[in-house]
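Student: Take a look at the following structure, please.
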Amino acid sequence: DAKTTQPTSMDCAEGRAANLPCNHSTISGNEYVYWYRQIHSQGPQYIIHGLKNNETNEMASLIITEDRKSSTLILPHATLRDTAVYYCIVREGNKLVFGAGTILRVKS
Amino acid sequence: DAGVIQSPRHEVTEMGQEVTLRCKPISGHNSLFWYRQTMMRGLELLIYFNNNVPIDDSGMPEDRFSAKMPNASFSTLKIQPSEPRDSAVYFCASGSRFYEQYFGPGTRLTVT
């Protein structure tokens, strides 16, 4: 069974913040949450990961709830180039198992 | 750095033929991963290597598939004989930390 659940798709206006939710209610205490994205016709790209504290890098911010059962990836100012499939992943053994992800469409 | 290099980018072959996909990982990365992506099954991990040694090949679909990593700068994924259901995009990825994988552009394989 998938360890994460994400909405199938979302739309976002260009220049606005894109907030992508992920549920991972069965996550264990020492498991990280990883986010990747895949732009059309390209390989997936690592974005960010976190354990329990909020994380920020040049691409995005990751907000993890206190109970760690869910998280939100935030793209603060979405551009058309951010249109992609976004994957929220919890490690399974020594593997990253990619689910279906969320299709984010950024519209002008 | 040029990133992960895969060749060929596109391959069209007939059923029963041998197919060899090639990957050059990023220099200094000690882990290498082969994935397959289809519309039906999404992105699946086939096999991964650590320090040139296969660690987990449980995702390899059947004996027709084999992968090698003779040195730190080269890996191959071979399908023999190929079948139409093998048609997919095959990605190679490398990394120095398993969670931060750098993917190549992929090889689009079509088996007719």
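Student: Here's a check for you: in the range B:30-41, which residue that is among the hydrophobic types (A, V, I, L, M, F, W, C) and not in a loop (DSSP other than H, G, I, E, B) is nearest to B:Ala72 (Cα to Cα)?
Tutor: B:Leu32
Student: Still on this structure: Mind listing just one residue for me: the one in the range A:97-108 that is part of a strand (DSSP E or B) and surrounded by 19 or more Cβ atoms within 10 Å (Cβ to Cβ) and, of those, nearest to the other protein chains (Cβ to nearest Cβ)?
Tutor: Ranking the qualifying residues of the range A:97-108, first place goes to A:Thr102.
Student: Can you pull out the residues in the range A:29-57 that are away from chain B (no Cβ under 14 Å) and out of contact with any Leu (no Cβ under 7 Å at 6 or more places or on another chain)?
Tutor: Matches in the range A:29-57: A:Gly29, A:Lys52, A:Asn53, A:Thr56.
Student: Taking the conditions exactly as written (in contact with a strand residue (DSSP E or B) (Cβ under 9 Å, 6 or more places away or on another chain), more than 14 Å from every other protein chain (Cβ to nearest Cβ) and touching a residue at least 40 places away in the same chain (Cβ under 8 Å)), does B:Arg22 satisfy them or not?
Tutor: When the stated conditions are applied, B:Arg22 passes them.
Student: Only one residue in B:Asn71, B:Asn50 is within 14 Å of chain A (Cβ to nearest Cβ), polar (S, T, N, Q) and farther than 22 Å from A:Ser41 by Cβ, so which one is that?
Tutor: Of B:Asn71, B:Asn50, the one residue that is within 14 Å of chain A (Cβ to nearest Cβ), polar (S, T, N, Q) and farther than 22 Å from A:Ser41 by Cβ is B:Asn50.
Student: Assuming A:Tyr86 fulfils every condition listed in (1) touching a Lys or Arg at 6+ places or on another chain (Cβ under 8 Å); (2) modelled with pLDDT under 95; (3) within 26 Å of B:Gly59 (Cβ to Cβ) apart from one, which condition is it?
Tutor: Among (1) touching a Lys or Arg at 6+ places or on another chain (Cβ under 8 Å); (2) modelled with pLDDT under 95; (3) within 26 Å of B:Gly59 (Cβ to Cβ), the lone unmet condition for A:Tyr86 is (2).
Student: What do you reckon, is A:Asn94 more than 29 Å from B:Gly106 (Cβ to Cβ), exposed (fewer than 15 other Cβ atoms within 10 Å of the Cβ) and out of contact with any Pro (no Cβ under 9 Å at 6 or more places or on another chain)?
Tutor: no
Student: Right, something else. Can you name the residue in the range A:56-73 that is of a type outside the set (S, T, N, Q) and surrounded by 18 or more Cβ atoms within 10 Å (Cβ to Cβ) and is also nearest to the chain's Cα centre (by Cα) among such residues?
Tutor: A:Leu73
Student: Of the conditions (1) in a strand (DSSP E or B); (2) away from every other protein chain (no Cβ under 12 Å); (3) among the acidic types (Asp, Glu), B:Glu44 satisfies every one except a single condition; which number is it?
Tutor: Only one criterion is unmet by B:Glu44, namely (2).
Student: Right, next: Please state which of the following conditions B:Asp56 fails to meet, knowing it meets all the rest: (1) surrounded by 15 or more Cβ atoms within 10 Å (Cβ to Cβ); (2) in contact (Cβ under 8 Å) with a residue 24 or more places away in the chain; (3) within 13 Å of chain A (Cβ to nearest Cβ).
Tutor: For B:Asp56, the exception is condition (2).
Student: Filter the range B:87-103 for residues that are facing another protein chain (nearest Cβ under 7 Å) and closer than 17 Å to A:Glu31 by Cα; which is surrounded by the fewest Cβ atoms within 10 Å (Cβ to Cβ)?
Tutor: Checked the range B:87-103; the qualifying residue surrounded by the fewest Cβ atoms within 10 Å (Cβ to Cβ) is B:Tyr99.
The values are calculated or read from the model by the stated rules, or taken from the named source; none is laboratory data. Bear in mind the structure is a predicted one, so any value in this text is a computation, not a measurement. Heads up, the Cβs are rebuilt from the backbone with ideal geometry, glycines too, and the neighbour counts pull from every protein chain shown.
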